[in-house]
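Here the structure is laid out as structure tokens; the discussion comes afterwards.
Bear in mind that the values in this text are calculations on the coordinates, not laboratory data. Just so we're clear, the structure is a prediction, and the values are computed from it rather than from any experiment. Quick reminder, even Gly has a Cβ in these numbers, built from the backbone with ideal geometry, and neighbours come from all protein chains shown.
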Ligand code: FES
């Protein structure tokens with residue numbers, strides 16, 4: 001299966017690449033199977049994610065899903081960003097080949113990790129709010 005035009009666009013021209021030096025929260029997640037790493041930076045004002053940037057040391061699908069994920073949560077309330085699933089990111093990209101589904105899990109994990117970091121910095125226990133960060137092993141890809 002070929003990549004969709006949207007995947008190719010977000011891979012070739014990723015949105016929101018970079019770092020936020022004074023980020024409210026930073027989340028770094030890694031895929032144990034392929035070794036790829038994704039780092040997500042969020043800036044929070046009140047309960048809104050006003051800015052988000054990412055750096056992904058990984059495959060094209062991981063870069064495209066990170067890029068789309070940042071577009072989907074920028075300007076959103078934290079509670080809405082936490083509802084973003086890897087499936088929703090994939091749908092927004094018009095799908096991914098089955099062997100690349102696990103790459104999209106990184107994007108969901110990275111957002112949740114960044115929000116958890118933000119809550120911890122605020123002195124708030126993130127677990128009841130953020131819930132479980134899905135493990136790569138629970139995704140539907142056929143790498144494991
Ligand atoms: Fe590692 Fe895609 S192959 S995240």
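What is the chain's relative contact order, in percent, from Cα pairs under 8 angstrom and six or more apart in sequence?
Taking the mean separation of contacting Cα pairs over the length of the chain, I get 27 percent.
Per the Debye formula with a single identical scatterer at each Cα and no solvent contribution, what log10 I(q)/I(0) holds for the chain at q = 0.09 Å⁻¹?
The calculated log intensity ratios at q = 0.09 Å⁻¹ are -0.23.
How large is the helix-only mean residue ellipticity at 222 nm for the chain, computed as the sum of -39500 (n - 2.57) over DSSP H runs with n ≥ 4, divided by its residue count, in deg cm²/dmol to the nearest 500?
So the calculated ellipticity at 222 nm is -11500 deg cm²/dmol.
Report the relative contact order of segment 23-88, percent, no decimals, based on alpha-carbon pairs under 8 angstrom and at least 6 residues apart.
Relative contact order, segment 23-88: 25 percent.
Could you check the simple spin-label distance between residue 91 and residue 8, using points 7 Å along Cα→Cβ, in nm with one decimal?
Each label point is offset 7 Å from its Cα along the Cβ direction, giving 2.5 nm.
Please arrange 54, 11 by how many other C-beta atoms lie within 10 Å of their C-beta, fewest to most.
Starting with the residue having the fewest Cβ neighbours, the order is 11, 54.
I need 103, 59 ordered by Cβ neighbour count within 10 Å, fewest first.
In increasing order of surrounding Cβ atoms, one gets 59, 103.
Calculate I(q)/I(0) for segment 1-76 by the Debye formula, one identical point scatterer on each C-alpha and no solvent, and give its log10 at q = 0.22 Å⁻¹ to two decimals.
Reported log10 I(q)/I(0), two decimals: -0.96.
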